[in-house]
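A short write-up of the structure that comes next.
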Amino acid sequence: MKATLARVLTRQQIEVVVKLAQTIWTEHYTPIIGKDQVTYMLRTYHSFQTISNEVDKKNIHYYLIMQETKTIGYMGIRLDDESLFLSKIYLLEEEREHGLGSQAISFAKELASSHQLPEIRLTVNKNNTNAITAYKHVGFEIVADICTDIGEGYVMDDHVMVLKV
């Protein structure tokens, strides 16, 4: 299966990202962090307003992950001074374990290389074992652990992972 990535630039594309986030986060993260934190995360970090602001003003680039004409996920990246930060990469449940995430990572590696950035960094919830395994499979290594207060009594308890490009 071959994935293509399309940069998110329009209101309609942002709405697709929001809808995907609602589906993916509810299904995947509820068992990991609970329904209340998922609701908070969707409202705070995956809303139309937040994503629009990130695209317009914060230099975060979103991409729809497509297979033929079907949108199957999305990715968000930020080009920092020393690395490409992979802030989001999510696939619909039925599309996982088909190599599509690896293709999206390859796309991120090409972006990092084209901007002469030596590494890709990301954070991943310590209990998201499937994602950690997938990241390790493509060469990421855990380099640190962080616990970040994100408001309303919630934290993100994450591994920091790095992939040298």
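Read the figures in this text as sums done on the coordinates, not as results from a lab. Remember, it's a predicted structure, so these values are computed and weren't measured experimentally. Every residue, glycine among them, receives a Cβ derived from its backbone with ideal geometry; neighbour counts consider all protein chains shown.
Give, rounded to the nearest 20 debye, the magnitude of the charge dipole that the stretch 45-102 has about its Cα centre when Lys and Arg contribute +1 at Cβ and Asp and Glu contribute -1 at Cβ.
Approximately 180 debye in magnitude.
Need the full-extension length gain, residue 141 to residue 129, defined as separation in residues times 0.36 nm minus the C-alpha distance. One decimal, nm.
On the way: separation 12, 0.36 × 12 = 4.32 nm, distance 1.36 nm.
Taking residue 141 through residue 129 to full extension adds about 3.0 nm, to one decimal.
Can you tell me which lysines have their Cα less than 19 Å from the Cα of residue 2? Leave out same-chain residues fewer than eight positions away.
The qualifying lysines are 70, 109.
Could you please tell me the mean projected area of the C-alpha convex hull for the stretch 1-52, averaged over all directions and given in square nanometres to one decimal?
Details: hull surface 17.3 nm².
That works out to 4.3 nm², a quarter of the Cα hull's surface.
Using Cα positions and a limit of under 18 Å, work out the lysines in reach of residue 58, with same-chain residues fewer than 8 apart set aside.
Reachable lysines: 88.
Which value, in debye to the nearest 20, gives the size of the charge dipole of the chain about its Cα centre, when Lys and Arg are +1 and Asp and Glu are -1 at the Cβ?
Around 380 debye, computed over the chain.
Which residue, 82, 94, 15, tops the fluctuation ranking in a GNM of the chain built on C-alpha contacts under 10 Å?
In the Gaussian network model the winner is 94.
So how compact is the stretch 4-117: Cα radius of gyration and Dmax in angstrom?
Rg, Dmax (Cα atoms, Å): 13.9, 40.
Return 26, 123 ranked ascending by Cβ neighbour count within 10 Å, so the fewest neighbours appear first.
The order, fewest Cβ neighbours first, is 26, 123.
Test of understanding: ordering 85, 140, 48 by Cβ neighbours within 10 Å, fewest first, what list do you get?
48, 85, 140
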